[in-house]
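Take a look at the structure set out below.
Bear in mind these aren't lab numbers, they're just calculated from the coordinates by the rules spelled out. Computed from a predicted model, the values in this text were never measured in an experiment. Counting neighbours? That spans all protein chains shown, and the Cβs are built from the backbone with ideal geometry, glycine included.
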Amino acid sequence: MGIVRRFTGLLAGAALGAGVLVATAAPAQAYSPNPTFSSYYYDTDNCPCSGGNLTDPFDDTYFANDAGGYAVKMEMVASGAFVGKVEFHPNDEKLWVYDTANDGDTYYVKVGYSSGGTYHNLGTFTPPGTSAVLDYSVQDFDLPEGASVDISVYDDAGLTDLIGSARGTGAAIA
């Protein structure tokens, strides 16, 4: 009887230990609640633009002049801390995706554009996940002038938990 109890205890301990290992090896949980999302739009006919709401603690956004373009900067703040930003620069059609917090979480930026009555999916992008305080990636697109650029920021890889977006009538313009 004592052997059976010890064996049962061993099995229970092993299962509990495995559960702890699985729990610590699981991927980071999504933000809950989602970060506060703010977006700022700039008609780049009137740029260069900087300062004001383009100022942030990391690299201060600057938009260059681009006739007919419409730039957007999106910021995310969680628990009072700046956790990321996304920028679309019409001049050179570049998307900048920043992670500004080493919190074990990331976000996903889905981008597409409409031109000539056709929608084109450009893909989903995330900032690199290094140990640096500021991580960023830059996507360089070749978009037709005047194309509407849809940008959606999600909290999950399945693209089901929308944090915020600039799309449709609120899209950026290349």
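What's the ranking of 125-134, 81-90 by average number of surrounding C-beta atoms within 10 Å, highest first? Provide the component values of the computation, followed by the final result.
On the way: 125-134: 12.9, 81-90: 23.2.
Ranking, from highest mean packing down: 81-90, 125-134.
Would you calculate the volume per residue, in Å³, of the smallest convex hull containing every Cα atom of the range 105-174? Present the calculation step by step, with values, prior to reporting the outcome.
Numbers: hull volume 7.1 nm³, N = 70.
Expressed per residue, the convex hull around the Cα atoms of the range 105-174 is 101 Å³.
By average Cβ neighbour count within 10 Å, what is the ranking of 112-118, 99-105 from highest down?
On the way: 112-118: 13.0, 99-105: 17.3.
Final packing ranking: 99-105, 112-118.
Can you work out the base-10 log of I(q)/I(0) for the range 30-174 at q = 0.12 1/Å, using the Debye formula on its C-alpha atoms alone?
For the requested q values the scattering log ratios are -0.45.
Of the options A64, C49, G117, report the single residue whose Cα projects farthest towards the positive end of the charge dipole of the range 31-174 (beta-carbon charges: Lys, Arg +1; Asp, Glu -1).
Of the listed residues, the answer is G117.
Limiting things to C-alpha atoms, what are the Rg and the maximum Cα-Cα separation (Dmax) for the range 92-135, in angstroms?
Here Rg and the maximum Cα pair distance are 13.6, 42 Å.
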